[in-house]
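Rule-based calculations on the coordinates, nothing more; no lab input. Computed from a predicted structure; not experimentally measured.
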Amino acid sequence: MSRIGKKSIPIPVGVTVTVSGNLVSVKGPQGELKREIHYDFVVEVKAIAGGGAGGLEVVVKPKVILPRLMALWGLERSLLANMVEGTAKGFSKKLEFEGIGYRASMEGDTLIMLLGFSHPVRLKAPAEIKISVEKSVITVAGIDKEKVGQVAARIRAQKPPEPYNGKGIRYQGEFIRRKAGKKAVASA
């Protein structure tokens with residue numbers, strides 16, 4: 001049995017979840033997300049037994065208990081929980097860049113980065129993603145956790161941190177394991 005899949009998802013105040021067949025739509029103060037769930041699962045919106053703040057919760061259940069569905073059960077529940085959280089609060093990832101001459105700026109909805117190449121690197125943000133730059137920190141924000149992570153990974157992939165000097169783009173709080181450089185050989 002899936003431990004994650006069995007958990008219900010409480011719906012915060014201001015968020016509405018509607019289910020029509022396999023299509024689940026979540027609407028909240030930040031925006032609206034839609035996702036089609038796997039056809040072997042049923043999504044139910046029901047009242048919380050003890051009351052609670054919002055009074056409603058989402059439950060994901062498989063139609064049939066099969067071993068191949070156990071991993072998908074937890075996945076579907078996590079995807080729906082991320083949709084509820086994203087429409088209620090939103091998600092953000094912060095990236096730091098380090099290196100002499102490394103700079104980033106926004107020009108409309110395009111991120112322009114100077115990363116030591118002979119040309120500036122330009123990345124256009126998708127419509128539902130907001131990118132902002134403050135000093136040496138790039139913030140990627142949006143309501144879809146998957147898209148926020150994908151855009152942040154694309155930015156990081158332009159110049160991943162290298163292990164000798166630590167220069168490059170890394171997630172905020174990410175630890176880069178440093179390597180020792182070549183040792184100077186003592187001459188006789």
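Data table
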item: Compactness of the range 3-83, expressed as Rg and Dmax over alpha-carbon positions, Å; result: 12.4, 38
item: In Å, descending, principal axis extents of the Cα set of the chain; result: 78, 46, 29
item: Normalised contact order of the range 3-88, rounded percent, pairs of Cα under 8 Å and 6 or more residues apart; result: 38 percent
item: ³J(HN,Hα) computed for each position of the range 166-176 - Karplus, 6.51 cos²θ - 1.76 cosθ + 1.60, integer Hz, glycine/proline x; result: x, 6, x, 10, 9, 5, 5, x, 6, 8, 9
item: Rg and Dmax [Cα atoms of the range 136-188; Å; Rg one decimal, Dmax integer]; result: 16.6, 64
item: Using alpha-carbon coordinates, inclination of helix 67-88 to the longest axis of the chain, degrees; result: 80 degrees
item: 23 Å Cα-Cα reach of residue 124 towards lysines, excluding residues that sit fewer than 8 places from it in its own chain; result: 93, 94, 135, 145, 147, 159
item: The chain: relative contact order as a whole-number percent, Cα under 8 Å and 6+ apart; result: 18 percent
